[in-house]
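S.K.: Quick one: the structure is below, and I'll ask about it shortly.
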Amino acid sequence: MKTKFIFVTGGVLSSLGKGLAAASLGALLKTRGLSVTIQKLDPYINVDPGTMNPFQHGEVFVTDDGAETDLDLGHYERYLNVPMSHKNNTTSGAIYNRVIAKERRGDYLGATVQVIPHITDEIKRAVLSLSEGDDPPDVAIIEIGGTVGDIEGLPFLEAIRQLKSELGRDSCLNIHLTLVPYLSSAGELKTKPTQHSVKELLSIGIQPDIILCRCEKNIPQDLRKKIALFCNVDEDAVFTSVDVKNIYEVPLRFYEEGFDQKVAIMLRLPARNANLEAWKHLVDVCMHPKGRVTIAIVGKYVDLKEAYKSLHEALVHGGVANGVTVDLRYVNSENVTDANTAEIFAGCDGILVPGGFGYRGVEGKICAIRYAREKKVPFLGICLGMQCAVIEFARHVAGLEDANSEEFDPHSKSNVIYLMTEWFDFRTQNVEHRDRASDKGGTMRLGAYPCKILPGTQAERAYGQEMVEERHRHRYEFNNAFKDVLGSKGMIFSGTSPDNSLVEIVELADHPWFLGCQFHPEFKSRPMAAHPLFREFIRAAQLRK
Ligand code: GLN
């Protein structure tokens, strides 16, 4: 079967849940036995979101192949359970970068390089690359970031307009997500914003095939009829994306609406039924938990939940695996001191210190970790969280008072975490060099790396495997010069690179569950298959109750 393309645009305002809608549609099509991939096209100028502040843009999601991508790719992986790669996220910046490189090489043979056709051609190439290779997917869903009417989004919309006429109407479908607000003063649902948004799309030559209306409540038939009439779509092509309590309900609600059925008919996809048993079970477990645990997340971006999206979901998955609801308590690490830990963490069944960059809040994280270690509270430290756990142990157990990370104190004699300037990269099979003074963009260890698990450890009990692969995003590493001294005081190095040169997991023996990992397990957690470390962390938290 030739790959069919579904383009998802958004209107009226952002944050309507376009990513979740695209992922949920993908999940439904997948349960119909189709192979599905999803791509996010982001109109901003950054080449990738790697350098963007999490306060503005939310989490940076890392793929196996080391691409730093939009957090929507996390939804795609969680809903589709297929690994994403650098191909699945492109930005205006990346497109312009490629076009300018070609222009400098003289590839355009003296032509004037313009938005149309050169930029739009490059966008089309990025979209069509999804259908290349030996095993192209049956369906590729393309989500266009931003809102219709944004200046930056225009080349992307023009590119998908052209694609539809080039690939044919049977091969492409346009879905437009809009808002149907409920005006409580009038007691009415309003369709005007939807009409205006579709008008805007039409003015650039795109006629939506399906309108998906985000709405607080179900939209009655007569109103759907009105939207269909004004927006020039089939009467049965207006769907509601109603607000739900649990995000994993979205595929079920879409199915009840007949959304995937309509998409299948319009794209002439094989007429198979969706099998939603696994999704129903998942939502059922979420709705009827056997108990609850409270986990404190001690970090810097506590006011912006989007910054910890995958982490939040991985904790939910860990809860599902144990049949419990995980209540999260976000703690700003800048407010934590040794004097107030007992008060702050009262009632917490587990403490988690997530990844992060920069010194701000680090001392508070170390206080939180000290409390978890001494009071035997289950602890999971991720990336910076693991590094802080090593610093805490070095300072308070091994007596290295000036223990630190080179990131925070370049001059300390006890930098238990440091910058490795030369190392063998298993992924590329090259010796990589890192320059202490280089720019911030491209110097991180990124993407999936193998990790060897030490038998008889918490890590082994969790994974049940000798070799695993996990995703990284950091510059600094555990400093092996301190392995013996920390090891002699009871720190266990339960995960290392296959050649033992990099420490990937540390844990403590005389503690119910205390584990720090240099990688980000949250990126690989799935709603129906919680990541083993999150599953075991939540299990330990539940046992403590
Ligand atoms: N700042 C630390 C480093 O660069 C940790 C990074 C992270 O937590 N992702 O190594």
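S.K.: Which of the residues spanning region 25-60 are over 13 Å from the mean Cα position of the chain (by Cα) and assigned to a loop (DSSP other than H, G, I, E, B)?
M.R.: Correct list: R32, G33, L34, S35, P43, Y44, I45, N46, V47, D48, M52, N53.
S.K.: How many of the residues making up region 509-545 are assigned to a strand (DSSP E or B) and either at positive phi or open to solvent by 10 Å² or more (accessible area, probe 1.4 Å) (or both)?
M.R.: The number of residues fulfilling the criteria is 2.
S.K.: Follow-up question, since we're still on this one. Quickly run through region 87-138 and pick out the residues that are among the hydrophobic types (A, V, I, L, M, F, W, C) and open to solvent by 40 Å² or more (accessible area, probe 1.4 Å).
M.R.: Within region 87-138, I100, A101, L109, A111, V113, V115, I116, L128 qualify.
S.K.: Okay, next question. Is it fair to say T63 is of a type in the set (S, T, N, Q), open to solvent by less than 30 Å² (accessible area, probe 1.4 Å) and within 13 Å of the chain's Cα centre (by Cα)? Give the derivation first.
M.R.: On the way: of a type in the set (S, T, N, Q): yes; open to solvent by less than 30 Å² (accessible area, probe 1.4 Å): yes; within 13 Å of the chain's Cα centre (by Cα): yes.
For T63, the condition - of a type in the set (S, T, N, Q), open to solvent by less than 30 Å² (accessible area, probe 1.4 Å) and within 13 Å of the chain's Cα centre (by Cα) - is met.
S.K.: Select, from E249, E313, E256, the only residue that is open to solvent by 30 Å² or more (accessible area, probe 1.4 Å) and outside any strand (DSSP E or B).
M.R.: E256
S.K.: Could you grab me the full set of residues in region 222-246 that are open to solvent by less than 30 Å² (accessible area, probe 1.4 Å) and not in a helix (DSSP H, G or I)?
M.R.: Answer for region 222-246, where residues must be open to solvent by less than 30 Å² (accessible area, probe 1.4 Å) and not in a helix (DSSP H, G or I): V233, V238, F239, T240, S241, N246.
S.K.: Could you list, in sequence order, all residues of region 355-370 that are charged (D, E, K, R) and within 16 Å of the ligand (Cβ to nearest atom)?
M.R.: Answer for region 355-370, where residues must be charged (D, E, K, R) and within 16 Å of the ligand (Cβ to nearest atom): R360, E363, K365.
S.K.: Testing L352 on (1) at pLDDT 95 or above; (2) within 16 Å of the ligand (Cβ to nearest atom); (3) more than 16 Å from Y308 (Cα to Cα), one condition comes back false. Which one is that?
M.R.: For L352, the exception is condition (3).
The values are calculated or read from the model by the stated rules, or taken from the named source; none is laboratory data. On a predicted model such as this, the values are computed, not experimentally measured, just so you know. No Cβ is skipped: glycine too gets one built from the backbone with ideal geometry, and neighbour counts run over all protein chains shown. Protein only, heavy atoms only, side chains kept; ligands, DNA and RNA dropped before computing areas. Shrake-Rupley method; radii C 1.70, N 1.55, O 1.52, S 1.80 Å.
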